[in-house]
Amino acid sequence: MELLKTKLVKIFEDDQLYMQGVEEFLGSAFQPSIPVLVKDRKDLEESIRISESIYKEKKNPNKVDVGIRLSPVENIGIFSSFEKSFADEWHDFQEMKDLNLENKSVVVIGLYEEFKFDSLKEFVFKCYQEKVQVSYLIGRDESSLSWLCAKQFLKEVSGLDNGLLTHRKINHSIKTEMVDIAEDLLIYDKAILKKHDMQAELLENNWSKLILHGHGKEDNINFEDYTICGRNDELTNKTNILPRCGYCEQSCFKDDQKLVPLNRVKAANVIMASCNNGPFSDLALYDDKFNLLLNAIDGTAQNITAAVTIQDSDLLELKRLVSFTNPNWNPARIINDSLDYMQPFPSMIEIGLPVNKNTIDIEVIEPSNRIIRTLERAQKYYTNDFIDENHSLKKLLPSFITKGNQYLLRGQYGLDAKEKRNIENNWKQKIQALNDIIGNTIIENPDDPILEFDGYNVYRSKVDAETITPNLCNCGHEGLSYLYKGHSSHTFDLKMEFCFRCGDKSIGMAGGPKISVDVTSDLKTGEKIKGVCKITPEEDGEILFGWFVPGYIKEYLIGEPSLKRFKNKNKDEIEVELDFQFREDIPAQGYYFTVFTVQNLGITINRHFFTIEGKI
């Protein structure tokens with residue numbers, strides 16, 4: 001029987017002839033066809049045939065610094081001639097512990113049966129922690145591995161499609177951004193997946209890069225009615241642990257007519273952004289016959305990104321993945337580094353010599369501390385009952401909290417620094433609107449229940465003994481500063497400044513500004529209260545400032561207090577002038593007035609005592 005030979009690839013069925021073919025290929029200046037070993041693997045022959053639509057030329061492999069032999073030489077010795085083309089230096093796996101891999105790129109070669117977590121875990125975590133670039137050349141058998149090695153010498157043609165399939169719904173603005181990043185990107189989100197014949201779309205198109213972002217396991221990825229399938233019908237299972245379709249008289253768990261065999265998708269680079277699609281061989285659930293990763297390796301892809309465990313990639317990662325022209329583009333690194341702050345382990349590996357050996361700097365996008373703190377306060381206001389359900393503030397809180405919970409969803413607070421700033425600017429307006437309600441409520445009615453926050457929460461708290469420190473009161477006498485810690489997460493933590501003379505001088509919700517008042521304290525009838533209030537912010541965000549007097553002397557006050565607004569860009573100390581007076585018929589005695597701030601829904605108050613001296 002005549003063996004398959006294409007313009008780029010020549011097939012061998014005998015080990016010795018294959019090794020001679022490799023030597024001939026690597027030693028010839030005329031670059032004959034790339035040899036591939038095929039032993040009873042007609043499925044590989046079909047993969048080679050369909051690969052002609054995406055590969056038209058040969059290239060030099062993307063050589064790395066260090067190569068490591070995962071399998072014993074007797075298992076992979078027929079590939080030893082490739083070593084000089086794949087890495088500058090080579091070591092057996094047993095030598096790995098003594099290798100310094102800092103700032104080096106690495107390839108690991110071996111059979112899938114040796115691709116075991118028990119053997120590789122220390123190596124995998126070491127490379128993850130040290131940001132070492134690692135790729136793998138593995139196959140279910142020698143034939144499969146020979147085809148993967150051969151594909152490293154193939155050059156994809158220009159003009160192939162780039163595609164993204166995702167189980168998520170992507171809004172128009174994000175789609176527009178993605179297409180701006182990757183021109184002509186074909187996006188199939190949840191809505192489109194329901195309408196399109198995705199089986200035809202995937203099998204008939206020729207793909208450069210194909211991202212598959214969905215739910216699944218090691219044998220499948222789900223996209224609405226369609227299933228990316230890892231089953232290879234040309235193979236015989238070695239074990240009896242199989243998915244549903246592997247047993248007699250049982251079909252796929254979904255429509256058999258809408259399966260997409262991954263080894264028949266014509267793609268040069270497949271990124272499988274689902275969970276557990278490339279498990280270590282000793283952690284695999286099912287027989288290799290159904291393994292998605294191995295099916296992809298048997299297909300046309302020269303590079304495959306696979307998940308050895310769970311992974312949580314989302315819109316943030318997808319936006320980064322479609323930046324195909326990024327000179328440091330490497331999908332496994334992008335996902336691992338992007339998820340670094342939310343999962344303390346690597347999930348993705350790269351199969352095939354690396355697309356790019358450079359390290360990448362991932363911009364970590366986290367939600368605004370200001371917005372988080374504000375949401376926490378909003379939830380406490382809403383849960384506690386010192387203001388009732390008819391209060392003007394409480395009526396607005398459910399909508400604010402619901403939007404806030406959506407904001408905290410990963411990716412919703414911005415996919416990059418620019419978008420994060422835009423979103424935060426929008427939230428500033430929402431926060432300011434609620435701040436205004438609180439500030440105006442206090443100015444207009446100092447007896448409003450909202451100012452009962454201090455007593456309500458103090459009686460549901462205890463003093464945090466570790467926070468007690470000496471404090472000098474504005475009156476010049478000694479006092480204490482300390483925190484009240486709420487008994488439950490629904491209680492406001494409070495910051496108290498106590499004075500043996502003034503009593504509860506200042507109290508506010510934790511995180512609020514420190515307030516210091518310096519004014520004339522002993523007045524004669526008709527004299528003005530003059531001085532300054534110093535505000536030292538702890539948090540970012542606009543600060544509202546106001547003051548009021550007790551209701552029983554409000555009638556004697558000349559003029560009306562008003563709110564002042566401070567932008568507080570750099571948390572610099574703010575000075576506010578105080579200048580007001582009472583009518584001369586105010587009874588002479590001791591009084592107090594209260595200054596307050598509102599910031600990010602937090603209230604801080606400071607009472608200042610003064611005396612009006614009358615005639616004796």
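The values are calculated or read from the model by the stated rules, or taken from the named source; none is laboratory data. Source: prediction; values computed, not measured. For neighbour counting, all protein chains shown are included, and Cβ atoms are generated from backbone atoms with ideal geometry for every residue, glycine included. Please note that ligands, DNA and RNA were not included when accessible areas were found on the heavy atoms of the full protein model with its side chains. Shrake-Rupley method; radii C 1.70, N 1.55, O 1.52, S 1.80 Å.
Computed with a 1.4 Å probe over protein heavy atoms only, the accessible surface of the range 369-444 comes to 49 Å² per residue. Distance between the pseudo-spin-label points of K131 and E89 (7 Å out from Cα toward the beta carbon): 2.2 nm. Count neighbours as other Cβ atoms within 10 Å of each site's Cβ, and list the chymotrypsin sites (Phe, Trp or Tyr not before Pro) in the range 219-280 that are DSSP loop with at most 15 such neighbours. Loop-located and lightly packed - Y247, F253.
Efficiency by 1/(1 + (r/R0)^6): what FRET value for N440 and I558, r their Cβ-Cβ distance, R0 = 30 Å, to the nearest 0.05? Efficiency for this residue pair is about 0.90. Whenever you get a sec, compute what percent of the accessible area on the range 107-227 sits on carbon and sulfur atoms (1.4 Å probe). Heavy-atom surface of the range 107-227 belonging to carbon and sulfur, 1.4 Å probe: 46 percent. Would you mind counting up the charge near L202? Only other residues with Cβ under 10 Å from its Cβ, with Lys and Arg at +1 and Asp and Glu at -1. Cβ neighbours under 10 Å give a net charge of -1. Summary value for the chain: 9 percent relative contact order, contacts being C-alpha pairs under 8 angstrom separated by 6+ residues.
With all protein chains in place and ligands, DNA and RNA left out, the 1.4 Å accessible area ranks R460, R501 as R501, R460, largest first. The C-alpha radius of gyration of the range 1-364, expressed as a fraction of 2.2 N^0.38 Å, stands at 0.94.
Using the 1.4 Å probe convention, the accessible area of the range 1-139 works out to 50 Å² per residue with neighbouring protein chains retained.
Determine, at each q value in 0.15, 0.17, 0.24 (inverse angstroms), the log₁₀ of I(q)/I(0) that the Debye formula gives when each Cα of the range 515-616 is one equal point scatterer. For the range 515-616 at q = 0.15, 0.17, 0.24 Å⁻¹, log10 I(q)/I(0) is -0.62, -0.77, -1.30.
Taking a sphere under 10 Å around the Cβ of G439 and counting the other residues whose Cβ falls inside, with K and R at +1 and D and E at -1, yields a net charge of 0. Computed from the C-beta positions of R565 and R501, the FRET efficiency with R₀ = 45 Å rounds to 0.85. When you count the other C-beta atoms within 10 angstrom of each residue and take the mean per peptide, 232-239, 120-127, 35-42, 303-310 line up highest first as 303-310, 35-42, 120-127, 232-239. Among the listed pairs K430/K514; K209/K428; K56/K175, those whose Cα-Cα separation exceeds 29 Å are K209/K428; K56/K175. Based on every Cα atom in the range 369-444, Rg and the maximum pairwise Cα distance Dmax equal 13.4, 42 Å.
Contact order, relative form, for the range 370-448: 26 percent (alpha carbon pairs under 8 Å, 6 or more residues apart, mean separation divided by residue count).
For the range 1-364, relative contact order (Cα pairs under 8 Å, six or more residues apart, normalised by length) works out to 17 percent.
Give the shape of the range 218-273 as rounded, prolate or oblate, defined through the alpha-carbon gyration tensor: a ≥ b ≥ c are the square roots of its eigenvalues, a/c under 1.5 means rounded, and otherwise the shape is prolate if a/b is larger than b/c and oblate if not. Oblate shape, in that a/c is at least 1.5 and b/c is the bigger or equal ratio.
Just to be sure I understand, if you calculate Rg/Rh (Cα atoms, Kirkwood Rh) for this structure, which of (i) 0.96; (ii) 1.12; (iii) 1.18 do you get? The listed entry that was calculated here is (iii). Listed cross-link partners K126/K319; K534/K567; K42/K238; K169/K258 are compared with a 23 Å cut-off, the Cα-Cα value being larger for K126/K319.
Loop-located chymotrypsin sites (Phe, Trp or Tyr not before Pro) across the range 399-487 with a Cβ neighbour count of 14 or fewer within 10 Å are Y459, with loop assigned by DSSP. Would you tally the net charge around A306, using a Cβ to Cβ cut-off of less than 10 Å, leaving A306 out, and scoring K and R as +1, D and E as -1? Taking every Cβ under 10 Å from that of A306, the sum is -2. Ignoring ligands, DNA and RNA, please state the percent of accessible area on the range 449-613 from carbon and sulfur, probe 1.4 Å. Carbon and sulfur: 48 percent of the exposed surface of the range 449-613. Among the trypsin sites (Lys or Arg not before Pro) in the range 144-212, those placed in a DSSP loop whose Cβ has at most 12 other Cβ atoms within 10 Å are K169. Summary of the geometry: the range 201-220 and the range 542-607, compared by the centres of their Cα atoms, lie 64 Å apart.
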